[in-house]
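K.L.:
Have a look at this one.
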Amino acid sequence: MDTLLIAAGASVAFIVAYWTYGRWLSSRVFRLDADAVVPSHELRDNVDFVPTKKEVIFGHHFTSIAGTGPIVGPAIAVFWGWLPALLWVLFGAIFIGAVHDFGALVVSLRNRGQTVGEIAGRLISPRAKLLMLTILFLSLTIVLAIFGLVIAAIFKMYPESVLSVWIEIPIAAFIGFWVYRRGGGLTIPSIIALALLYLAIYIGAYHLPLELPVSIGETFARLTGLDAKWFNPVVLWTSILMVYCFIASVLPVWTLLQPRDYINSHQLVLALLLLVGGLVIASLTGQASLMASTPAIVEQEVLRTAGAPPLLPFLFITIACGAISGFHCLVSSGTSSKQVETEVDATYVGYGAMLLEGMLAVIVILACCAGVGMGKFDRVVLPAGEGGGYEYVAAIAKDGTPVAGNVAWNQRYDATKGWNGFGLPQKVGAFVEGGANFLATLPGMPLKMAIGIMAVLVASFAATTLDTATRLQRYVTQELGATLGIRPLTNKYVATFFALACGFAVAMTPGAKGPGTGGLILWPLFGATNQLLAGLAFLVIVFYLWRRSKPVWFAIPPLLLMIVLPAWAMLWNLFNGDSGWFFNEEKRLLTVFGFAILGLQALTVYEAVSLWSRAKGVLETQLPPINPSGKMAAEGGRSC
């Protein structure tokens, strides 16, 4: 029952927060106006700027911000115990993450859909704009590299997820055409799309060959004469994903991005509802117990054995998405602000989606603790004579008993293998395995199908984030090109190619196990960079309010927290005596990125601090007026 009570308590807390704190921010601080002209109408081009119903844009926004962040982060953080992770998600999402996402969305809505980096140029200084855009570019390069590798790794680990993820593309294209070109409704197509996606999961789990990418890679290696390591499944899938992202980024949002995120959100919400249903049954039947499976706070001796970094500050950068993530400000100010139909929808989209992501993170914590504690399963590949494919069987301990409870959790989070030994397969596997255990308690749900649903859930979240990140990186690259006077980078095709080339190059950094493994060393940088970016986004939000003499007291503590803690964590990673990046030749890429981002952040903060005392009540330069062609004139004035 403890698992169910925590899940129920968290959902109540998020609902209450939305109708109290969220409404207060909307009506008293930002004073949203239903009659205000928003970018989707003012700059409508039916490519990037498209007025969109709040239910559809919510689907895009939620699936884009969620990704694998609220899955991988909590899956690592429970190393310290479930209680610190749970508290950070609850309070972080309500008072920091949702405020950050909502604030970035509103500020962008009132600045013609510009990104926070572009807006910083007018709210703080032109130098701050260049610094912020550079930080955004570096951050998104990491996102493209890591999420491309994450999806490729999921496809390799769980091939049953491949068909369902890719079949979304033609379905989404049809729905986009049906709604925007034929004026059709969404209800019936959405139901059909959901049915087709779950049919694809079934087919993928029971009827598709497991080793198809391996055989394709071997064929390419044989034909080209190149080393087979360049054609392993992770490299092949990452390459295919980058090509897809180029196409998706340059198409109008209504043709693929919007409808894919919309139908994907239905699939994800259904999967989450199934998870909650399984959690309820597992709790009521006594199969799942959070406190019996996992320590609330892990003992210091165990953490020392694992070589885990200190809880403070690393909890706050390990769980980024789910509590607060700087990447969300890019979604809010990059794509969502260009599609929100009316200003009052910002609460539902910006504040509400972050709370839903917080609830997802809570479920992940419970799955990685109580769910994993329900039992450990091994995947067994069946002989060809038995139909091929695979099956899942209960793992057996040395004494012949099934592995469950605290034993199962300790095997998954084995301290003797070390903190760094808990790699991507283990992180993703903890959630997939624990969540599948919940799902398998539902009547008529075989474990094999449950594994497929969970794998598709993870892959779909990551895929929608990769889609959006590519388009965001295109915007940032174009803004950088315009700022630096590099004319070719202002072209959307050139900017997209350049962005993806950088991401692919980082992803393919050779590691100990060949191409596609070195890029994963950037994962420790992802959390700290995310949170540093969130701190800088809070700077923009606070300056927007400060210049209008509006209250900023509620945003100052989150601002300071997201400036200090990530910088502290980054410096610890660079210079700690045991494994500091600076002293490790194999981690030069981490060292370069770490120093670059810390330096850029320090300069941006300096720009803001030097201006602070002179900015209160002084409005920034107004955006130039829009001429009949839809472009901005050269002159500016004062904002209102």
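K.L.:
Of the cross-linked pairs K338/K492; K53/K550; K54/K492, which ones have a Cα-Cα span greater than 23 Å in the structure shown?
P.N.:
Working: K338/K492 16 Å; K53/K550 30 Å; K54/K492 27 Å.
The answer is K53/K550; K54/K492.
K.L.:
Oh, and also: Between the DSSP loop rule and a limit of at most 15 other Cβ atoms within 10 Å, which chymotrypsin sites (Phe, Trp or Tyr not before Pro) in segment 67-154 are left? Walk me through the numbers before you get to the answer.
P.N.:
Numbers: sites: F79, W80, W82, W88, F91, F95, F102, F137, F147; in loops: none.
Nothing satisfies the criteria.
K.L.:
What distance in nm lies between label points placed 7 Å from Cα along the C-beta direction at Q426 and R182?
P.N.:
Taking the simple label geometry, Q426 and R182 are separated by 5.1 nm.
K.L.:
Here is a further query. Compute the whole-percent fraction of alpha carbon pairs in the chain spaced more than 44 Å apart.
P.N.:
Details: 32299 of 204480 pairs.
Distances greater than 44 Å cover 16 percent of the Cα pairs.
K.L.:
Okay, moving on. Stretch V12-L272 to full length: gain in nm at 0.36 nm per residue minus the Cα-Cα span?
P.N.:
Details: separation 260, 0.36 × 260 = 93.60 nm, distance 1.64 nm.
Stretched out fully, the V12 to L272 stretch lengthens by 92.0 nm.
K.L.:
Mind giving me the FRET efficiency for V344 and R304? R0 is 51 Å, r the Cβ-Cβ distance, nearest 0.05 is fine.
P.N.:
Values: r = 52 Å, r/R0 = 1.01.
Efficiency for this residue pair is about 0.50.
K.L.:
Could I ask something else about it? Grab the Cα-Cα distance for L442 and E55, subtract it from 0.36 nm times how many residues apart they are, and report the gain in nm with one decimal. Walk me through the numbers before you get to the answer.
P.N.:
Working: separation 387, 0.36 × 387 = 139.32 nm, distance 2.87 nm.
So the chain would gain 136.4 nm between L442 and E55.
K.L.:
Just to check I understand the Karplus step: with θ = phi - 60° and J = 6.51 cos²θ - 1.76 cosθ + 1.60, what whole-Hz values come out for segment 46-54, glycine and proline as x?
P.N.:
Per-residue couplings from phi come out as 6, 10, 10, 9, 9, x, 9, 4, 5 Hz.
K.L.:
Which residues among segment 286-314 fall inside the zone where the amide N is under 17 Å from a point 7 Å beyond the Cα of F91, along Cα→Cβ?
P.N.:
297, 311-314
K.L.:
What residues have an amide H closer than 5 Å to that of T52, excluding those fewer than 5 places away on the same chain, when H is modeled at 1.01 Å from N in the peptide plane?
P.N.:
E341
K.L.:
Moving on to the next point. How would you rank 65-78, 611-624, highest first, on the average number of other Cβ atoms within 10 Å across their residues? If you can, show how the numbers build up before the last one.
P.N.:
Details: 65-78: 28.4, 611-624: 13.1.
The packing order, highest mean first, is 65-78, 611-624.
K.L.:
Let me ask something additional. Going toward the positive end of the dipole of segment 2-615, with +1 on Lys and Arg Cβ and -1 on Asp and Glu Cβ, which of L466, V432, V99 do you reach last?
P.N.:
Final value for the positive-end residue is V99.
K.L.:
If I model a spin label at L5 and E586 as a point 7 Å from the Cα along the Cα→Cβ vector, what separation in nanometres do I get?
P.N.:
Here the modelled spin labels are 4.5 nm apart.
K.L.:
If you find the alpha carbon centre of segment 84-102 and of segment 431-480, how far apart are they in angstrom?
P.N.:
21
K.L.:
Once label points are set 7 Å from the Cα along Cα→Cβ at both T509 and A296, what is their separation, rounded to one decimal in nm?
P.N.:
Taking the two extended label points, one gets 4.0 nm.
K.L.:
Counting Lys and Arg as +1 and Asp and Glu as -1, each charge on the Cβ, what is the dipole of segment 1-94 about the Cα centre in debye, to the nearest 20? Spell out each step's value before the answer.
P.N.:
On the way: 6 positive and 7 negative charges, 44 e Å.
Dipole size: approximately 220 debye.
K.L.:
Which of S64, S125, S40 comes first, and how do the rest follow, when ranked by fewest Cβ neighbours within 10 Å? Intermediate values should be presented prior to the final figure.
P.N.:
Working: S64 30, S125 16, S40 23.
Lowest count first: S125, S40, S64.
K.L.:
Multiply the residue separation of W553 and L611 by 0.36 nm, subtract the distance between their alpha-carbon atoms, and state the gained length in nm to one decimal. Intermediate values should be presented prior to the final figure.
P.N.:
Values: separation 58, 0.36 × 58 = 20.88 nm, distance 1.81 nm.
So the chain would gain 19.1 nm between W553 and L611.
K.L.:
Only helical DSSP H runs with n ≥ 4 go in: add -39500 (n - 2.57) per run for the chain, normalise by residue count and round the 222 nm mean residue ellipticity to 500 deg cm²/dmol. Mind showing how you got there, number by number?
P.N.:
Details: 25 runs with 395 residues, N = 640.
Counting only the DSSP helices, I get -20500 deg cm²/dmol.
The numbers here are math on the coordinates, done by the rules we state, and not lab data. Computed from a predicted structure; not experimentally measured. Neighbour counts run over all protein chains shown; Cβ positions are idealised from the backbone, glycine included.
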